[in-house]
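The values are calculated or read from the model by the stated rules, or taken from the named source; none is laboratory data. The structure presented is a predicted model; accordingly, all values stated were derived computationally and were not measured. Using ideal geometry, Cβ is built from the backbone for each residue, glycine included, and neighbour counts are taken over all protein chains shown. Areas reflect the complete protein model, heavy atoms only, side chains present, ligands, DNA and RNA absent. Shrake-Rupley method; radii C 1.70, N 1.55, O 1.52, S 1.80 Å.
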Amino acid sequence: MNLNEAKLILSVALPGDDGAADPQLAEALALARRDAELGAWWERECRWDAEVRRSLATVAVPSALPSQILAGQKVVRLPKADAKLSNFEWSTPLFWGLAAALVVFLSLAASWLHAKSDNNLASFARDMMAMAPDDSRHVDVRQADLAKVKGWLAEHHGPADLALPVMMQRSPDLMGCRVLQWHGQAISMLCYMMPGAQHVDLFVIRAAGLKDVPAPGQRVFASIKQNAMAAWQSGGNVYLLAGAVPMEFLHLYVEPSQTTQTSWPAPFAGVIFYR
Amino acid sequence: MAGPDFEDLVKAHYEPLFRFALSLARSEADAGDLVQQTFYRWAAKGDQIRDSTKVKSWLFTTLHREFLGHRRHEDKFPKVDIAVVDESELMAVSASPEKLMDGATVMAALQQLDETYRAPLSLFYLDDTSYREIAEILDVPIGTVMSRISRGKALLRVAVLKKNVR
């Protein structure tokens, strides 16, 4: 072991580590004891490390942080809370904090129950259509490279194992992507600006997260207000392509020759179906 | 074996987690959010951790992933593998900047460093995390962590010196 190697090993040693469990560190420490230059370097290094640690330990941490964390955690665990309400001082901040937490929890529970009963393709389509026109933050990243988009989606926990129709794979019109949350599930959204400035969005959700999904090989087409939509299932994902574009446009992109399905789930009133 | 009590867990780890988050996110508000999100993830999934010695590592790993997940402009943080450390970087500087250091100065200097060095260095200093644990938390090879800590210390020293000179 030369001096440079010894310095590298010593520089990552924790205070008080005598190398008992690390033969390389033990060897470097022995060298530091024998070599005056290395010994002096090591002494300065230890002083520096100790001072940095001491300094960083004085960096203030918001005093309210633990209580904020614990208040949030109570919301999560309130259903099995073991607090004894009879011991509470009803006028204390703790009571009001818990009361607020209960309200939040009940809201979340109601929302969750609603979500459970509403996890079907129709509500997915409706909600995605409502989110799509959000121009202020339409995509999180602007990126035209599909491989990079997939990488970004994977990193942000959205479905990324995309099996796209040929026309959408080779389209040079990919603008960017975003990850949305819907009923606790991550949704990948890919934004396309097709020829003629035709803007469409592709939403991808795990098929397991939806009821009444199209059977593999089927294509569902529907239209509501000014928006056309196409949905299909492939490789464990459900894809929803939507935009204020002519229906023929979507047919072009999702291989209309394979279109077999026409029925859209019942809750979707006002929809025109296409064969 | 029952997992640690949530309140005890928060008390034991929120300070080093916050300081780690602050070094990464460079903003108190974002750091607080990262710490909260980390503990919420624990509340949802932490009981899957049966080995209590893995708890700290799990929390720091989760916080780091949360940070990466929230980071929007990834091109600002290029990944650099440091295979070789220049000998000059391992030499202690002749001045003794530590005599003038305070927490705010060191944290500000640390926040200036590239994330490549900032994350391992923060873990090394903030919670006496061994380089082997750091490699696990950041999911990078041990040798890379060693060289990043070593070079990061040299860069931090220079950054602190500059701040003290001003």
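Between residues in region A:65-76 that are more than 9 Å from chain B (Cβ to nearest Cβ) and residues that are open to solvent by 20 Å² or more (accessible area, probe 1.4 Å) and at pLDDT 80 or above, which pairs lie under 9 Å by C-beta distance while being six or more apart or on different chains?
none
Give the number of residues within region B:28-49 that are modelled with pLDDT of 85 or more and either surrounded by 24 or more Cβ atoms within 10 Å (Cβ to Cβ) or not in a helix (DSSP H, G or I) (or both).
Number satisfying all stated conditions: 5.
Yes or no: A:A83 under 21 Å from B:F6 (Cβ atoms), part of a loop (DSSP other than H, G, I, E, B), hydrophobic (A, V, I, L, M, F, W, C) and modelled with pLDDT under 60?
Values: under 21 Å from B:F6 (Cβ atoms): yes; part of a loop (DSSP other than H, G, I, E, B): yes; hydrophobic (A, V, I, L, M, F, W, C): yes; modelled with pLDDT under 60: yes.
Taking the combined requirement at face value, the residue satisfies it.
Please work out which one of (1) more than 8 Å from chain A (Cβ to nearest Cβ); (2) in a helix (DSSP H, G or I); (3) more than 15 Å from A:L56 (Cα to Cα) is the condition B:L121 fails and give its number.
(3)
Does B:L126 qualify as being open to solvent by less than 70 Å² (accessible area, probe 1.4 Å), out of contact with any His (no Cβ under 9 Å at 6 or more places or on another chain), within 7 Å of another protein chain (Cβ to nearest Cβ) and at pLDDT 85 or above?
The answer is yes for B:L126.
Among the residues of region B:7-56, write down those that are without any contact (Cβ under 8 Å) to a residue 12 or more places away in the chain, hydrophobic (A, V, I, L, M, F, W, C) and facing chain A (nearest Cβ under 9 Å).
Once the filter is applied, which keeps residues that are without any contact (Cβ under 8 Å) to a residue 12 or more places away in the chain, hydrophobic (A, V, I, L, M, F, W, C) and facing chain A (nearest Cβ under 9 Å), region B:7-56 yields only B:A44.
Out of the residues in region A:127-172 that are surrounded by fewer than 17 Cβ atoms within 10 Å (Cβ to Cβ) and modelled with pLDDT of 90 or more, which is nearest to the chain's Cα centre (by Cα)?
In this case the residue turns out to be A:H157.
Tally up the residues in region A:4-58 that are of a type in the set (S, T, N, Q), more than 20 Å from B:S147 (Cα to Cα) and open to solvent by less than 20 Å² (accessible area, probe 1.4 Å), please.
The qualifying residues number 1.
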